[in-house]
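So the structure is just underneath, and the comments pick up after that.
Laboratory data are not the source of any read-out in this text; all were calculated from the coordinates shown. None of these values were measured; they are calculated from a predicted model. Here the Cβ is made from the backbone with ideal geometry for all residues, glycine too, and neighbour counts use every protein chain on show.
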Amino acid sequence: MSKCDINLIYYRSLPSTNTELRRLAAAGAPEGTAVVATVQTAGRGRMGRKFVSPAGGLYMSLLLRPESTDVLRITSAAAVAAARTVKAEFGIDCGIKWVNDLYLDGKKVCGILTEASYSSPGSPDYAVVGIGLNLSYPEGGFPEELRDIAGSIGVKCDRDTLIETAERIALTLVDTYRDPSLFIDEYRARSTVIGKDIYVISDGIAVKARATGVDDGCGLIVETEKGTEILRSGEISIRPR
Ligand code: BTN
């Protein structure tokens, strides 16, 4: 049983569900408020990138009011909540590429952007977790620059299924993110990088490493020439850049 109700607000189109939910959060909306759209005109990705958000996707943001110790793990919990829901609703198993991308058949089908807001250091006011899931290929396909990278889970959803899927992701995340024992094993089991040679990207430079595991704080354990390191944030690649 959930500790919290989901209050879901549906839009056909928005500039960005994260931006809209941050506005509601600043106005005092409670944990469990969710904003869903079928199209975004100014979707935002990690590291200041844009997130192309055509019809055919599920774009949602969920408001959490976490303790500071929860914040670093929220994105990993969200990846599991999305993967678990995709399996339960559509019978499809996605992999998780550290830290926040869902992959299917070698292509990215879901990205996650968590934005936390602090009024004083160490004490978060809220976190907005934005999830963009490619349900079906957009008409005419993804833009040229994304064709080799972006995929979809290949399901066409009506409005009710879209909302039910968003609600299920939101409930799963609200119910699990405070307790790593409820998602960390599945996070590891779905990892597409543990046991693989990877590149750690830092300041545009790619350093060779081997991913050997994920610690209880959802950090990626890697072996490099310099020894063992635990990555808490950042970016990795399977291919050199
Ligand atoms: C990434 O892969 O870089 C993260 C992408 C996150 C996209 C989602 S879609 C819903 C929410 N609203 C946004 O503007 N971004 C997030």
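Descriptive notes on the structure:
- Put a dot 7 Å past the Cα of Tyr11, heading toward its Cβ, do the same for Phe90, and the two dots end up 2.3 nm apart.
- Spacing of the two label points (7 Å from each Cα toward its C-beta) at Ile238 and Asp148, in nm: 1.4 nm
- Full-stretch length increase - Lys156, Cys4 - with 0.36 nm per residue and alpha-carbon distance subtracted: 51.8 nm
- Note on the range 118-163 and the range 27-75: Cα centroid distance 9 Å, given to the nearest whole angstrom.
- From most to least packed by mean Cβ count within 10 Å, the peptides 141-151, 112-122 give 112-122, 141-151.
- Based on Cα atoms of the chain, Rg over Rh with Rh as the Kirkwood radius reads 0.95.
- Our analysis of the range 42-161 gives Rg over Rh at 0.99, with the two radii drawn from alpha carbon positions and Rh computed by the Kirkwood formula.
- Placing pseudo-labels 7 Å out from each Cα toward the beta carbon at Ala206 and Arg49 gives an inter-label distance of 1.4 nm.
- If you model the range 136-219 as an ellipsoid using its alpha carbon gyration tensor, with each semi-axis the square root of five times an eigenvalue, the axes come out at 29, 25, 10 Å, biggest first.
- Among the listed pairs Lys87/Lys226; Lys50/Lys97; Lys50/Lys87; Lys87/Lys196; Lys50/Lys226, those beyond 31 Å (Cα-Cα): Lys87/Lys226; Lys50/Lys226
- Relative contact order for the range 122-205, counting Cα pairs under 8 Å that sit 6 or more residues apart, in percent: 18 percent
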